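Below: one structure, written as structure tokens.
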Amino acid sequence: MIDPKEILQAKERIAPYIKKTPLVHSDYLSTLCKGEVYLKLENQQITNSFKIRGAFNRLLTLTDDEIKKGIITASSGNHAQAIGVSSEKLNISAKIIVPINTPKIKLEKIRKFKVELVLFGDDYDETELKALELVKKEKRTYVSAYNDKWIIAGQGTIVPEIYEEIPQVDSVFVPIGGGGLIAGIAIAMKDKDPKVKVIGIQTEACPTMFESIKAGKIIDIEMFDSIADGVWGGIEKGSITFDIVRDFVDEILVVTEESIKKAVSILWKKEEILAEASGAFSIIPILNNPENFKDKAVVCIISGGNIDKELFDEIITHY
């Protein structure tokens, strides 16, 4: 398990390399629910995603021998960009394996860095298996996008930033893919205030964590195409995120693809916030059931802003 102190240590460790992102009050959502809604804008983070936090924390804790041999990772995009930035900044050799169908905007950004980029697999699971195969062959250190205590501690550094801005939080909404982000946030939040409700959001197209928690173990499920590519995929067997989510997260909500598109549109039209599909997850519970949050202080994690222009334009036009 991760000690909350490790999250505070991570905050100090990565501070020179990342941004402290804005926590903004949403007038629209606050009026809608008659509460106080705040948006933590990780879409304004370096690489337009929270992933840079965990990436820097992991690379800054590598041993000299691990640095010498280099690292390898698998990613659906945002983690890859984070590894690209952090490995280049710290002068560490990195090989990044991404799915063949990774959005163009993410590939273009990864290619700007001094990394070896390999496209392999039709989905994240195939990509991850390829990366693990190469780890054995090349003796590099595998840097998981989520199944790593240093990655999780890095993502959890969002929480102390929130409490530097507001004194009380009743609920926090967090998107879930592999669970690294919500694991770090849940540990830090519950340490600060055990009464805070930590609620995860997954798409109906890929509710792997939701179904795994329900089953009492990590399971494989049938997955469908989703506009939320940042949280699409299975969960590695034995992932430490499963136990953390089971023990620290109060609830996981499953949302429709339609509601995700609506959330992307509302964030842009009402708040002028550009969020990728998975980045917009966190406002959906408020849109769906505003009455549940009357007189409550709610924080929504806007986890990323890397969205293809064509997809964004289509959503804005129709929603």
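Each reported figure results from applying straightforward, stated rules to the coordinates on display, with no laboratory input. Keep in mind it's a predicted model, so treat the numbers as computed, not measured. For neighbour counting, all protein chains shown are included, and Cβ atoms are generated from backbone atoms with ideal geometry for every residue, glycine included.
Once you list every other residue whose beta carbon is under 13 Å from the beta carbon of Ile213, what net charge do they have if Lys and Arg are +1 and Asp and Glu are -1?
That sum, taken over residues with Cβ under 13 Å, equals -2.
If you stretched the chain out fully between Lys269 and Glu88, how much longer would it get, using 0.36 nm times the residue separation minus the C-alpha to C-alpha distance?
Residue separation times 0.36 nm, minus the Cα-Cα distance, leaves 61.6 nm.
How do Asp3, Asp64 line up, fewest other C-beta atoms within 10 Å first?
Asp64, Asp3
Counting only the backbone N, which residues of the range 12-52 are under 16 Å from the spot 7 Å out from the Cα of Glu291 toward its beta-carbon?
Within reach of a label on Glu291, which here means backbone N under 16 Å from a point 7 Å along Cα→Cβ, the range 12-52 contributes 32-35.
By count of other Cβ within 10 Å, fewest leading, how are His318, His79 ordered?
In increasing order of surrounding Cβ atoms, one gets His318, His79.
Kindly state, to the nearest 0.05, the FRET efficiency for Glu126 paired with Ile67, given R0 = 35 Å and r defined as their beta-carbon distance.
E between Glu126 and Ile67, to the nearest 0.05, is 0.80.
Using alpha-carbon pairs under 8 Å, 6+ residues apart, how would you state the relative contact order of the chain in percent?
That works out to 23 percent.
Magnitude of the Cβ-charge dipole of the chain, K/R +1 and D/E -1, about the Cα centre, nearest 20 debye?
Charge dipole, the chain, about its Cα centre: 980 debye, nearest 20.
So between Lys112 and Asp243, what do we pick up on full extension, going 0.36 nm a residue minus the alpha carbon distance?
Stretched out fully, the Lys112 to Asp243 stretch lengthens by 43.5 nm.
Restricting to bridges with both residues inside the chain, how much of the DSSP beta-bridge set is antiparallel, in percent to the nearest 5?
10
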